[in-house]
Amino acid sequence: MKKAKGILKNAMLQVLSLGDAIQIVCRVAKNGHISTVCEKISACSGRILAKDVCAAEDLPAFDRSAVDGFAVVSRDTFGASAAQPSLLRLVGEVKMGERAGFSLADGTCAAVWTGGELPPGADAMVMLEQAERLPGGLIAVEESAAPGRHVVFRGDDVKSGEALLAAGTRLAAREIGLLAAIGVTEAEVFARPRVGILSTGDELIDPAQTPVGGQIRDSNGEMLLAACREADAESHFLGRVPDEEDALYRAMKTGAEVCDLLLLSGGSSAGAKDAACRCLGNLGELLFHGLALKPGKPAFAGKIGSTIVVGLPGHPAAAYLVFHALVRPLLATLSGGEIVERTARATLLSAVPSNEGREELLPVRLRDGMAEPVALKSGLLSPLTRANGYIRIPRDTEGLQKGAPVDVILF
Ligand code: AMP
Ligand code: MG
């Protein structure tokens, strides 16, 4: 925590960059306790392994054929060709899922299908296409099979005792398949972060209600719930809070008790924002207040006990962009991992003016390698649904020209 405080000192003197803000909240998250759980592998997609997994057995557990054909003693086939085949006596067939039940002596062979066990004594396979059945139970082998040809030996894939997957690995379909293959049906993974969501503002009503007067439906609540779920976090809506310091204090206090991350939206107008930051200072500690970011200037963060608190702008599009840029990396850290953004290189379809002093998150519509800027008029929601990603324009950029190469961060 000492380090974060050091950064805070500087941060309060100048407005913080997005990069520094990400670092601060992620460092606080890393220094905190991240709990782990034992989960069935069917529930592990996207989760991060908290402990190394070692193989307790060989994979495969027996010597297997990689082709349909005949198991042979390889030296019996040396020198064989279509013109001068080796004649071997067929002594049996190995059924899929069964042990061979017999072994191969010199001069004999056995039919084995792909994935079937080689009988003891066999050390190579000859593909069906390279062999011919002759009358009298003889097989003419028309190629020379080197030892080990078309065979996956016991332990070739994974050896018993070997480290299979290291702690920190993100479990995806391929890893989960490997765990299943070796009989590991549960894994110790980092727990999903629990996120509590609070919407602040006197004007907000439930989306199911009909607004009267200057009321508006609370869209951030549902949007942030969905965004957290998309980020693999466990999210809960904790309610709407009026712009009133006592109510805010109580809601933040109880919210912080039940989650790892408390997300607030709204309260960016001068008075209300200060109230939220004051509450945070009273309940815990303010980490930063204000970002050199467009949109996202009013964002703040702090901690109450071990719970991290992030305040997002009220404007829905701004709230979403700051969520994507700042909160997703934080959620990834709270999940025991790191954010890996999906990006695409594209060509800017139209010029973008300069943005002195603040980094800008510019939503774009990416299509056929072209990135078309989507204007975010303050407070409008629908433009964001036309965008499928955004570009980060560094502060003090002289604007971007039409045709400039850009990296689009995909939603
Ligand atoms: P604020 O940050 O509270 O000043 O809010 C900025 C703008 O965003 C205002 O027009 C608010 O009405 C709007 N806003 C704040 N919270 C929400 C919300 N939960 N859902 C939709 N709009 C909101
Ligand atoms: Mg408000």
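The values are calculated or read from the model by the stated rules, or taken from the named source; none is laboratory data. Because the structure is predicted, anything quoted here is derived from the model rather than measured. Note that we place each Cβ from the backbone using ideal geometry, even for glycine, and neighbour counts take in every protein chain shown. Ligands, DNA and RNA are stripped out before the accessible areas are found, and what is left, the full protein with its side chains, is counted by its heavy atoms. Shrake-Rupley method; radii C 1.70, N 1.55, O 1.52, S 1.80 Å.
Some notes on this structure:
- Alpha carbon convex hull of the range 313-374, projected area averaged over orientations, nm²: 5.6 nm²
- The calculated FRET efficiency for S81 paired with A105, based on their beta-carbon distance and R0 = 25 Å, is about 0.60.
- Each residue, D156 and S42, gets one label point 7 Å from its Cα in the Cβ direction; the gap between the two is 3.2 nm.
- Extension gain (nm, one decimal) between E257 and R365, 0.36 nm per residue minus Cα-Cα: 34.9 nm
- Helical segments meeting 15 Å axial Cα length and Kyte-Doolittle -1.0 threshold in the chain (DSSP H): 2-13, 18-31, 219-230, 245-258, 270-283
- Counting only protein heavy atoms and a probe of 1.4 Å, the accessible surface of the chain is 51% carbon and sulfur.
- The ellipsoid equivalent to the alpha-carbon distribution of the chain has semi-axes of 62, 25, 18 angstrom, derived from the gyration tensor eigenvalues as √(5λ) and listed largest first.
- Label separation (E356 vs E57): 7.0 nm, computed from points 7 Å beyond Cα along the C-beta direction.
- Overall form of the range 368-410: oblate. Here a/c, set by the Cα gyration tensor axes a ≥ b ≥ c, is 1.5 or more, and a/b is not larger than b/c.
- Hull shadow area, averaged, the range 262-351 [alpha-carbon convex hull, nm²]: 7.3 nm²
- GNM on the chain, alpha-carbon springs under 10 angstrom: the most fluctuating residue among G267, G92, G290 is G92.
- Length added when fully stretched, R395-A247, from 0.36 nm per residue minus Cα-Cα: 49.6 nm
- Coordinate range of the alpha-carbon atoms in the range 213-301 per principal axis, descending: 34, 31, 30 Å.
- Among E359, E143, E285, the largest mean-square fluctuation in a Gaussian network model of the chain (Cα springs under 10 Å) belongs to E143.
- Shape category assigned to the range 335-411 from the gyration tensor of Cα positions, a/c cut at 1.5: rounded
- Taking the empirical scaling 2.2 N^0.38 Å for compact globular proteins as reference, the range 67-225 has a Cα radius of gyration ratio of 2.02.
- Shown are T114, T307, T397, whose ranking by accessible area with a 1.4 Å probe and every protein chain present, most to least, is T114, T397, T307.
- Average accessible surface area per residue within the range 1-159, 1.4 Å rolling probe, Å²: 54 Å²
- K30 accessible area, assembled protein chains, probe 1.4 Å, Å²: 130 Å²
- Note on A146 and H236: their simple-model spin labels are 6.2 nm apart, each label 7 Å out from Cα toward Cβ.
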